[in-house]
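The values are calculated or read from the model by the stated rules, or taken from the named source; none is laboratory data. All figures in this text were calculated on a predicted structure; none of them were measured in a lab. Here the Cβ positions follow ideal geometry from the backbone for every residue, glycine too, while neighbour counts run over all protein chains shown. For accessibility, only protein heavy atoms count, side chains too; no ligands or nucleic acids. Shrake-Rupley method; radii C 1.70, N 1.55, O 1.52, S 1.80 Å.
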Amino acid sequence: MHGEVRAGRRRLKEIFVSRGTRHAALVITLALPALLIAYAWFMNHRPPLHVRSEWTFRDTLIQNSDLMLSFVFLLASALPFYLVFDRRRPQARELTPIALMAALCVAGRAAFALIPLPNFKPVSAIVIITALAFGPEGGYLTGALAAILSNFLFGQGPWTPWQMFCWGLVGFLAGILYRAGLFGPVGDRTPDRRGRRRRPVALCVYGLLSGFLYGWIMNLYYVVGWIRPFSWKAFLAAYASSFFFDLSHGVCTALVLWMAGETWVRKLLRVRRKFGLTGEDRRYVMPPSGGEEMRE
């Protein structure tokens, strides 16, 4: 019995490898949902605007509250990423991969908008790949950044913080499940005699399910923000009508992970090792630069 308890604790330490990771998990599962609820309450109770002739600065703040609260949520979403640095500011080369992957999410969302399928976007797949390579906190921040940045093209609104949370949560869960070993050695598979590597089947299944995870949480935004008065019939109708959107999202995510997941993660892990971005394994202690090595 005691051996099983010790094995369970050891397994948890492998998943939550530092105190910062544990604190990040609490922020994501408790603080950010509470902030979303408060945001939804504000959107339903914010005061009405005056007519144009009586417009005041207060009206300007109310009208732009969607964008301002989105940036507040972005700051809160960045907190889990910063918690893993153990009281040290991240350096530029530690933030560059996150910014690059978020930019790829924006480009991918814009490019796939030409495909005439609902919600057929690769954003979730890119966020998942980032989480596998740079940890669950990096995946969460990438998802949050991808939502707010891409919405400058697709439109900001009260849905933006919900999208930030959904894509961030998809990345965070992917990083946690990867550490738990549920996806296998993605990015570290040995090739067979023909030089081929096995496809990450379990990861693709998660990608498919992530489309529904994203859609079901976004449905809560619709239920909380627009169904007045609440009824179970309208609630079930909202979830039923989103099925094909969520399925299309999940299929796109799974296809991208099937075709590029293994290769992309392997290359990102190589970049991570080359530049010393080894996460909590090294408590984000950076290796010495070339000049310091020469002086030694």
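List of remarks:
- When segment 114-132 is filtered for residues that are assigned to a helix (DSSP H, G or I) and either touching a Cys at 6+ places or on another chain (Cβ under 6 Å) or touching a residue at least 24 places away in the same chain (Cβ under 8 Å) (or both), the ones remaining, listed by number, are 123, 124, 125, 126, 127, 128, 129, 130, 131, 132.
- Subset tally (residues that are open to solvent by 60 Å² or more (accessible area, probe 1.4 Å), more than 23 Å from the chain's Cα centre (by Cα) and without any contact (Cβ under 8 Å) to a residue 12 or more places away in the chain) for segment 57-80: 4
- Residues that are at pLDDT below 65, over 15 Å from residue 73 (Cβ atoms) and open to solvent by 40 Å² or more (accessible area, probe 1.4 Å) number at least 3 in the following helices (runs of 4 or more DSSP H) confined to segment 1-53: 2-15.
- Candidate set from segment 168-185 (those that are free of Cβ contacts under 8 Å to residues at least 60 places away in the same chain and out of contact with any Leu (no Cβ under 7 Å at 6 or more places or on another chain)); member that is nearest to residue 111 (Cα to Cα): 171
Table: residues versus (1) among the hydroxyl-bearing types (Ser, Thr, Tyr); (2) modelled with pLDDT under 75.
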site	(1), (2)
73	no, no
76	no, no
81	no, yes
85	no, yes
93	no, yes
96	yes, no
